[in-house]
1. Within the set 39/151; 77/223; 95/306; 39/95; 58/119, which residue pairs have Cα atoms separated by over 29 Å?
2. What whole-number distance in Å separates the alpha-carbon centres of segment 162-176 and segment 254-311?
3. Could you go through segment 268-282 in sequence order and give the Karplus-derived ³J(HN,Hα) for each residue, using 6.51 cos²θ - 1.76 cosθ + 1.60 with θ = phi - 60°, rounded to whole Hz, and x for Gly and Pro?
4. Using modelled amide H (1.01 Å from N, peptide plane; none on Pro or chain starts), what sits under 5 Å from the amide H of residue 82, excluding residues fewer than 5 places away?
5. Please list 3J(HN,Hα) in residue order for segment 43-53, calculated via the Karplus relation 6.51 cos²θ - 1.76 cosθ + 1.60 where θ = phi - 60°; whole Hz, with x for glycine and proline.
6. Which whole-percent values make up P(r) of segment 33-79 when all C-alpha to C-alpha distances are grouped in 5 Å steps starting at zero?
7. Tell me, in nm to one decimal, what length is gained between residue 2 and residue 206 on full extension, where the rule is 0.36 nm per residue of separation less the Cα-Cα distance?
8. Return the distance in nm (one decimal) between the two label points of a simple spin-label model at residue 174 and residue 279, each offset 7 Å from Cα along Cα→Cβ.
Amino acid sequence: MLALRALNILLQGSFEAGGDMIKDNAEIYRVVSKLLCSKNSTIQQTAAESVALMSSDKKMCYNLAGQNFNLLKTLYKAPEVDDAVKLRALVGMSKMCASSGGDVNRNIIAEGAGVRIFKQIRQLLVKNPTEEARKWVIEALAYLTIDAEVKHDLVNDEEQMKIICDFSSDPSPSTSYSLSCIFMNTTNSYDQPEVQPEMQRIAEYAKQSVPKAHELDSEESLKTRISLLVANGVPSVLSACSSSDSERTREYLARSYFGIISNDEGKHCGAVVQQGGTRALLNLFGENTAEGKKYAAHSIAKIAIKMNLPWLSADNERWTRVDHVSP
């Protein structure tokens with residue numbers, strides 16, 4: 001029990017170090033599964049938190065999903081179990097649902113489970129809207145929003161969107177990362193595999209999995225979703241998180257900006273500028289991954305072209321930054 005608590009602390013502080021300790025250690029998975037069946041609330045919470053944290057790694061998630069998904073589901077449904085335990089159980093289930101990466105052909109959990117978990121998380125948050133509960137909900141949504149149906153339900157839920165946007169007023173490093181994941185997912189700004197028709201036919205003939213997008217991730221659905229995100233003040237949230245020190249977070253923020261700005265022929269450029277987007281993008285370009293700098297530069301260039309901003313082209317240093325990455 002104490003060892004598991006120490007492992008949880010390590011996973012939250014340095015996931016790589018904790019992950020190296022676990023690797024393919026079947027004994028740890030066995031112990032966690034056993035502790036999930038305990039009747040003691042403290043032990044249940046520690047074990048559920050371990051599953052939630054370990055499931056951030058795709059390989060560990062696959063190792064945990066088989067038996068533990070049903071154990072977490074049992075914990076959530078048990079009326080005598082504390083809400084803190086239920087919330088951690090739902091976070092673990094969220095990560096397991098997201099392990100397919102949005103490819104409906106690779107789901108290891110039944111289709112539709114992500115939407116059901118989203119609704120259950122929402123109920124818990126409304127019932128107990130504490131700071132800790134909101135932190136766990138934001139982390140769950142960072143994974144659940146891989147699912148197209150969850151994206152659709154989330155952006156159409158004004159109350160939930162307000163809770164998320166309000167959380168950005170003083171974001172912690174972990175919260176900034178989770179928020180950047182949510183908006184990268186909802187704007188479809190993540191890398192998506194390009195499947196050539198010839199390769200798709202070969203894969204189908206060989207009975208291999210072919211990435212398949214959901215109908216709610218279509219171009220028209222995406223336009224509607226991004227319009228709702230902008231209406232709910234998401235560019236302001238991206239701006240508030242842009243001071244993060246994490247390069248990965250900064251890359252995801254730049255990707256999210258690009259997803260908004262490039263959608264629907266630059267329709268939302270004005271809203272992005274009004275909500276502090278240009279300053280945030282220049283900041284994101286300054287320190288970022290190579291991919292993050294590319295998306296930040298392209299976003300600034302698109303704003304400059306769409307809105308004909310003279311100050312951007314007049315300032316030699318800023319124009320040089322925009323021109324640094326070819327479109």
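1. Pairs exceeding the cut-off: 39/151; 77/223; 95/306.
2. For segment 162-176 versus segment 254-311, the Cα centre distance is 21 Å.
3. 3J(HN,Hα) across segment 268-282, in whole Hz: 9, 4, x, 5, 5, 5, 4, 9, x, x, 5, 4, 5, 5, 5.
4. none
5. Per-residue couplings from phi come out as 5, 4, 5, 5, 5, 5, 5, 4, 5, 4, 6 Hz.
6. Reading upward from the zero bin: 5, 23, 34, 24, 11, 3, 0.
7. Computed gain between residue 2 and residue 206 is 68.6 nm.
8. Inter-label distance under the simple model: 3.0 nm.
Values quoted throughout were computed directly from the atomic coordinates according to the rules given, and no laboratory measurement underlies them. These figures come from a predicted structure and were not determined experimentally. In this analysis, Cβ positions are derived from the backbone assuming ideal geometry, glycine residues included, and neighbour counts consider all displayed protein chains.
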